[in-house]
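Asker: Questions regarding the structure given below will be posed in turn.
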Amino acid sequence: MNCAISGEVPEEPVVSKTSGLLFEKRLIERHISDYGKCPITGEALTIDDIVPIKTGKIVRPRPIQAASIPGMLGMFQTEWDSLMLSNFALEQQLHTARQELSHALYQHDAACRVIARLKKERDEARSLLAQAERHIPASAPITVNASAVSNGRTVAADEVGLGGKKIRPGISAGIFEELTECNAALSQQRKKRQISSTLAPVEDLEMYTQISSHPLQKTSKPGIASIDIHYNKDIIATGGLDTNAVIFDRSSGEILSTLSGHSKKVTSVKFLARDDLFLTSSADKTVRIWQGSDDGNYNCNHILNDHNAEVQAVTVHATNNYFVTASLDNTWCFYELSSGLCLTQVEDTSGSEGYTSAAFHPDGLILGTGTSEALVKIWDVKSQTNVARFDGHAGAVTAISFSENGYFLATAASDGVKLWDLRKLRNFRTFAPYGSETPANSVEFDHSGSYLALAGADIRVYQVANVKSEWNCIKTFPDLSGTGKATCVKFGPDAKYLAVGSMDRNLRIFGLPGESNAMES
């Protein structure tokens with residue numbers, strides 16, 4: 001008895017009630033589900049029309065090929081040939097897939113190169129457009145604002161967009177790469193850096209006293225607002241309330257140059273380590289880039305007018321190719337030093353407070369700013385986003401300084417000086433030596449990160465320790481100006497001396513008593 005469909009002996013035989021034909025159960029059920037009729041007679045047929053037949057266990061007869069050794073060998077040969085053909089087909093499919101994948105990867109790589117080239121061309125086009133806009137005459141229909149003036153000529157003109165805001169070219173991918181490479185190099189150097197053997201020891205700082213005083217600013221408007229030191233040349237710059245900046249040679253005790261041009265007090269001064277360049281910011285809303293000459297004088301190369309309120313701080317990036325200014329208009333600007341072009345101007349829309357201080361992290365990818373509303377904000381320079389903020393101060397944050405190892409941040413305000421751990425983003429120590437009536441005006445780590453100085457009613461020097469250890473006060477210098485207000489303090493090379501400015505017109509140098517005779521000689 002064979003299945004009417006397959007012609008073979010069924011394993012589960014069933015019979016049709018209507019036709020009496022014998023079928024394999026699985027085959028007739030599938031046919032009924034697909035067609036609903038008998039495959040032989042064509043009559044309508046349902047599952048209920050088939051009846052299973054009870055039979056003994058059926059043993060399938062061995063095929064003829066397996067009945068002898070030559071037949072089995074032939075069967076194995078056939079199966080082997082089929083296996084080899086199947087394997088060959090799979091290898092061909094694999095080879096084709098590899099070729100397609102290789103072609104896709106090549107196309108992806110080519111697309112990436114094209115995108116990179118187009119981005120580079122876009123950045124170059126933006127730069128050329130910005131340069132072209134500088135030369136657009138005043139009668140041109142496009143509205144522009146001059147953002148920098150160089151010896152009477154415009155060095156950057158920015159198109160005004162919606163809302164009256166200037167359109168900036170932005171920080172290009174090439175600059176981002178330069179900043180990242182500088183960050184990696186400085187981070188690697190810092191791991192290997194050892195404290196200089198020529199650094200002044202604690203015992204010397206304990207013996208420091210005033211060794212000289214120099215009247216640099218005008219008597220009509222006394223007061224020094226800021227100080228910076230060129231470590232390679234050992235020259236000191238001061239910015240005064242008399243609208244002038246003064247370049248002073250400490251070793252000879254002579255004024256090298258007096259820089260005039262600002263119409264209000266000079267709020268910040270900064271040397272650059274290359275090309276004899278010098279930066280000043282002022283309450284007149286401008287920043288000036290000065291170029292030193294062979295005769296010791298400094299000429300103004302660029303006047304930058306991108307802020308619409310007092311510019312309180314200027315800080316230079318570690319590459320010495322870029323710098324940032326911070327203003328009471330609640331924005332900070334990132335500049336290219338060579339052209340004086342403002343690449344981007346960042347405004348924090350989360351608040352209306354202005355910036356009163358700013359400093360780059362030693363690695364250059366982080367910017368710290370202090371505000372008039374007692375906040376400290378940490379920025380990612382590449383994305384220009386505020387990544388952290390510290391509160392807890394009272395009054396405007398007047399000064400900000402990062403330690404050389406990049407772990408600590410010191411900030412000064414009306415309630416004293418606070419130390420922040422940048423790894424855990426928390427305040428771990430507070431110095432409040434003056435009380436609520438006298439603010440801390442300045443705070444500064446030395447270049448090695450071993451000492452911390454703060455200035456207010458007096459000048460104090462602390463030995464830098466870690467988060468858990470005590471930071472001991474090594475020395476306290478009285479304010480000898482008679483004004484009761486030391487405004488700024490800066491360590492000299494290897495902490496061999498301290499330069500202090502106050503509300504009188506004198507720059508004061510504190511060091512070992514024997515240094516005064518050595519300097520005069």
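The values are calculated or read from the model by the stated rules, or taken from the named source; none is laboratory data. Note that the structure is predicted; figures quoted are calculated from it, not measured. Because the Cβ atoms are built from the backbone with ideal geometry, glycine has one as well, and the counts that use them run over all protein chains shown. Please note that ligands, DNA and RNA were not included when accessible areas were found on the heavy atoms of the full protein model with its side chains. Shrake-Rupley method; radii C 1.70, N 1.55, O 1.52, S 1.80 Å.
Asker: Would you check the accessible area of Glu79, probe 1.4 Å, heavy atoms only, in square angstrom rounded to 10?
Answerer: It works out to around 110 Å².
Asker: Report the full-extension gain for the segment Ile167 to Thr476: residue separation times 0.36 nm, less the Cα-Cα distance, to one decimal in nm. Display every interim value, and only then the final one.
Answerer: On the way: separation 309, 0.36 × 309 = 111.24 nm, distance 4.91 nm.
Result: 106.3 nm gained on full extension.
Asker: Right, another one. Which of the peptides 127-133, 297-303 is most tightly packed, and how do the rest follow, judged by the mean count of other Cβ atoms within 10 Å per residue? Show your work: numbers first, answer last.
Answerer: Details: 127-133: 14.3, 297-303: 18.7.
Packing proxy ranking, top to bottom: 297-303, 127-133.
Asker: Take the alpha carbon gyration tensor of segment 1-122, find the square roots of its eigenvalues, order them as a ≥ b ≥ c, and report rounded if a/c is under 1.5; if not, report prolate when a/b exceeds b/c, else oblate.
Answerer: Working: a/c = 5.91, a/b = 2.00, b/c = 2.96.
It is oblate, given that a/c is not under 1.5 and a/b is not larger than b/c.
Asker: Tell me, in nm to one decimal, what length is gained between Ala185 and Lys468 on full extension, where the rule is 0.36 nm per residue of separation less the Cα-Cα distance? Walk me through the numbers on the way to the answer.
Answerer: Working: separation 283, 0.36 × 283 = 101.88 nm, distance 2.95 nm.
Gain on stretching Ala185 to Lys468: 98.9 nm.
Asker: A further question on this structure: Might you work out the accessible area of Met84 for me, using a 1.4 Å probe with all protein chains in place, and round it to the nearest 10 Å²?
Answerer: The accessible area comes out at roughly 80 Å².
Asker: Among Gly56, Ala309, Ser357, whose Cα lies farthest out toward the positive end of the dipole of the chain, if unit charges sit on the beta carbon of Lys, Arg (+1) and Asp, Glu (-1)?
Answerer: Gly56
Asker: Does anyone have the angle between helix 25-35 and the longest principal axis of the chain? Alpha-carbon axes, 0 to 90°, nearest 10?
Answerer: 70
Asker: If you don't mind, there's one more thing I want to ask. Which distance in nm do the two modelled labels at Cys112 and Asn87 give, with both placed 7 Å along the Cα-to-Cβ direction?
Answerer: Taking the simple label geometry, Cys112 and Asn87 are separated by 3.7 nm.
Asker: For Thr209 paired with Gln291, estimate the spin-label separation in nm (one decimal), with each label point 7 Å from Cα along the Cα-to-Cβ line.
Answerer: 4.7
Asker: Using only the alpha-carbon atoms, how far is helix 173-192 inclined from the longest principal axis of the chain? Give it as 0 to 90 degrees, nearest 10.
Answerer: The two axes meet at around 70 degrees.
Asker: If contacts are Cα pairs under 8 angstrom and at least 6 residues apart, what is the relative contact order of segment 13-60 in percent?
Answerer: The value is 40 percent.
Asker: Could you give the dipole magnitude of the chain about its Cα centre, charging the beta-carbon of Lys and Arg +1 and that of Asp and Glu -1, in debye to the nearest 20?
Answerer: Dipole of the chain, to the nearest 20 debye: 480 debye.
Asker: Send over a whole-number figure in Å² for the accessible area per residue of the chain, probe 1.4 Å.
Answerer: On the way: 26340 Å² over 521 residues.
Normalised by residue count, the accessible surface of the chain is 51 Å².
Asker: With contacts defined as alpha carbon pairs under 8 Å and 6 or more residues apart, what's the relative contact order of segment 199-511 in percent? Please report the intermediate quantities before stating the final value.
Answerer: Working: 914 pairs, mean separation 46.0, N = 313.
For segment 199-511, the relative contact order is 15 percent.
Asker: Further question: Please calculate the 1.4 Å probe accessible area of Cys38, with all protein chains present, and give it to the nearest 10 Å².
Answerer: Spelled out: Cys38, probe radius 1.4 Å, area about 0 Å².
Asker: May I pose another question? Once both labels are modelled 7 Å past Cα along the beta-carbon direction, what's the Asp275-Lys37 spacing in nm?
Answerer: It works out to 9.3 nm between the two label points.
Asker: Given a 1.4 Å probe and heavy atoms of the protein chains only, how would you sort Asp421, Asp81, largest accessible area at the top?
Answerer: Details: Asp421 5, Asp81 70 Å².
These residues rank, largest area first, as Asp81, Asp421.
Asker: Going by the alpha-carbon gyration tensor, a ≥ b ≥ c the square roots of its eigenvalues, is segment 199-511 rounded (a/c under 1.5) or, if a/c is not under 1.5, prolate (a/b greater than b/c) versus oblate?
Answerer: Details: a/c = 1.42, a/b = 1.02, b/c = 1.40.
Here segment 199-511 falls in the rounded category.
Asker: Pull out a ≥ b ≥ c, the square roots of the eigenvalues of the alpha-carbon gyration tensor of segment 404-521, then state rounded if a/c is under 1.5, prolate if not and a/b is larger than b/c, and oblate in the remaining case. The partial results should precede the final answer.
Answerer: Numbers: a/c = 2.37, a/b = 1.36, b/c = 1.74.
Oblate.
Asker: How would Phe248, Phe360 line up by accessible area, probe 1.4 Å, largest first? Before the final figure, lay out the partial values.
Answerer: Working: Phe248 0, Phe360 25 Å².
Most to least solvent-accessible, the answer reads Phe360, Phe248.
Asker: Using packing as a proxy for protection, rank 451-463, 97-109 so that the peptide with the highest average count of other Cβ atoms within 10 Å comes first. Please report the intermediate quantities before stating the final value.
Answerer: Numbers: 451-463: 23.5, 97-109: 10.0.
In decreasing order of mean packing, 451-463, 97-109 become 451-463, 97-109.
Asker: Which net charge results for the neighbourhood of Val467, defined as the other residues with beta-carbon distances under 12 angstrom from its beta-carbon, given Lys and Arg at +1 and Asp and Glu at -1?
Answerer: Numbers: positive: Arg423, Lys424, Arg426, Arg429, Lys468; negative: Asp421, Glu470.
So the environment of Val467 carries a net charge of +3.
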